[in-house]
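Chemist: Dropping the structure in here first, questions after.
The values are calculated or read from the model by the stated rules, or taken from the named source; none is laboratory data. Please read all numbers here as calculations on a predicted model, not as lab measurements. Here the Cβ positions follow ideal geometry from the backbone for every residue, glycine too, while neighbour counts run over all protein chains shown. Just so you know, the surface numbers come from the protein's heavy atoms only, side chains and all, with ligands and any DNA or RNA stripped out. Shrake-Rupley method; radii C 1.70, N 1.55, O 1.52, S 1.80 Å.
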Amino acid sequence: PSPAARPPTPPKETAEGWLSTGDIGVMDTRGYIRLVDRKKDLILAHCREYLTGYKVPRYVEFRSTELPKTTVGKVLRRALR
């Protein structure tokens, strides 16, 4: 399916008990947290500002595992498709 048709991945809890959602927040002096943006949105906005249109990624994926690599250390792009 196309990237837009994929269901969003559910957030995962870390070993320390944190919930990793991809949101970016700031905490004020009273201890309240305000969500200000999403990590993916910031990356895409940066790419749109600094890259030519055809180089802007269609979607961004954060991985908990390393990228597959060849024996010489290059990223195995065909394994990512």
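Chemist: Before we move on, is ILE43 open to solvent by less than 70 Å² (accessible area, probe 1.4 Å), out of contact with any Cys (no Cβ under 7 Å at 6 or more places or on another chain) and either hydroxyl-bearing (Ser, Thr, Tyr) or assigned to a helix (DSSP H, G or I) (or both)?
Modeler: Considered against the rule, which asks whether it is open to solvent by less than 70 Å² (accessible area, probe 1.4 Å), out of contact with any Cys (no Cβ under 7 Å at 6 or more places or on another chain) and either hydroxyl-bearing (Ser, Thr, Tyr) or assigned to a helix (DSSP H, G or I) (or both), ILE43 comes out as yes.
Chemist: Another question about this same structure. For PRO68, only one of the following conditions fails: (1) open to solvent by 70 Å² or more (accessible area, probe 1.4 Å); (2) touching a helix residue (DSSP H, G or I) at 6+ places or on another chain (Cβ under 6 Å). What is its number?
Modeler: If we test PRO68 against (1) open to solvent by 70 Å² or more (accessible area, probe 1.4 Å); (2) touching a helix residue (DSSP H, G or I) at 6+ places or on another chain (Cβ under 6 Å), just (1) comes out false.
Chemist: Looking only at the range 10-40, count how many residues are among the acidic types (Asp, Glu) and open to solvent by 100 Å² or more (accessible area, probe 1.4 Å).
Modeler: 2
Chemist: Name every residue in the range 40-72 that is modelled with pLDDT under 90 and small (Gly, Ala, Ser), in order of residue number.
Modeler: Hits for the range 40-72 are ALA45, SER64.
Chemist: Here is a follow-up. Select from the range 19-63 the residues that are free of Cβ contacts under 8 Å to residues at least 12 places away in the same chain and on the phi > 0 side of the Ramachandran plot and list them in ascending order. It would help to see each step written out before you state the result.
Modeler: To start, the set of residues in the range 19-63 that are free of Cβ contacts under 8 Å to residues at least 12 places away in the same chain comprises 19-21, 25-34, 41, 45-55, 61, 63.
Across the range 19-63, the qualifying residue is only GLY31.
Chemist: Oh, and also: Which residue pairs have Cβ atoms closer than 6 Å, lie 6 or more positions apart in sequence or on different chains, and pair a first residue in the range 64-75 that is part of a loop (DSSP other than H, G, I, E, B) with a second residue that is open to solvent by less than 70 Å² (accessible area, probe 1.4 Å)?
Modeler: LEU67/VAL75; PRO68/LEU76; PRO68/ALA79; THR70/LEU76
Chemist: Inside the range 46-58, can you point out the residues that are open to solvent by 100 Å² or more (accessible area, probe 1.4 Å) and assigned to a helix (DSSP H, G or I)?
Modeler: HIS46, ARG48, GLU49, TYR50, TYR54, LYS55
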